[in-house]
Every structure is written in structure tokens, then in C-alpha cells.
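Structure, as C-alpha cells:
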Amino acid sequence: MFDKKIFGARLHALREQKGMTASQLGKVMGITSTQVGDMEKGNSATSMARLYDLCVFFEVSADYLLGLTEETIGTGE
């Protein structure tokens, strides 16, 4: 089952690793800082298209963001 808390914690950590504010990430993703905060707190999820954009932006796999693996990048197999 999808755990929004894991997704949110990983999104938050990735954003901080880049030294970005929620507002800055929101501008990159085309959403508000409130929406970023809601995702990071586990109060909301995101669309498939935005999940893809987050994976590309942070250079991580969707499996990592979704909590399916601890590896940030998939093997591509």
C-alpha cells in the first residue's frame, strides 16, 4: 500500500539536499509551496505526470520516491 509519509519524507530530504525552499520547488514543478508542503507532510500525493517530473528533476527512481526500494536509481532492467 502506498505510504504518503514515506513519499513525503523522501521528497523533503531530496529538496533539502538541493538547498531549495518549498517555494522554489513549487515554481519548478508549477505548483504552490503549500502543495509541496502538503506532499512533504504526507497529506496529499501527486499525479503520475508530476511524479515523473520529480524523478527527472531529482534524478531518482519512482520506486525510491514511492518507498519501494532504498536505492535512489533503478537498474533499468
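If you take the charge dipole of the chain about its Cα centre, with +1 on Lys and Arg Cβ and -1 on Asp and Glu Cβ, which of GLN17, ALA49, GLY37 is farthest toward its positive end?
Of GLN17, ALA49, GLY37, it is GLY37.
Label PHE57 and GLN24 with points 7 Å out from Cα along Cα→Cβ: what is the distance between them in nm?
Placing both labels 7 Å beyond Cα along the Cβ direction yields 1.2 nm.
I'm a student and want to see the number: the projected area of the Cα convex hull of the chain, averaged over all directions, in nm².
It is 4.8 nm².
Relative to the Cα centre, what is the charge dipole magnitude of the chain, using +1 at the beta carbon of each Lys and Arg, -1 at the beta carbon of each Asp and Glu, and rounding to the nearest 20 debye?
380
Using 0.36 nm per residue of separation minus the Cα-Cα distance, give me the extension gain between SER47 and ILE31 in nm, one decimal.
The SER47-ILE31 span can extend by a further 4.6 nm.
Quote the relative contact order of the chain in percent (integer), defining contacts as alpha-carbon pairs under 8 Å separated by 6+ residues.
About 33 percent, as a whole number.
As a check on your grasp of the helix formula, calculate [θ] at 222 nm for the chain: sum -39500 (n - 2.57) over DSSP H runs of n ≥ 4, divide by the residue count, round to the nearest 500.
For the chain, the value works out to -16500 deg cm²/dmol.
Computed from the coordinates by the stated procedures, all read-outs in this text should not be read as laboratory data. Here the structure is a predicted model, which means the values were calculated and not measured. Ideal geometry is used to build each Cβ from the backbone, glycine not excepted, and the neighbour counts take in all protein chains shown.
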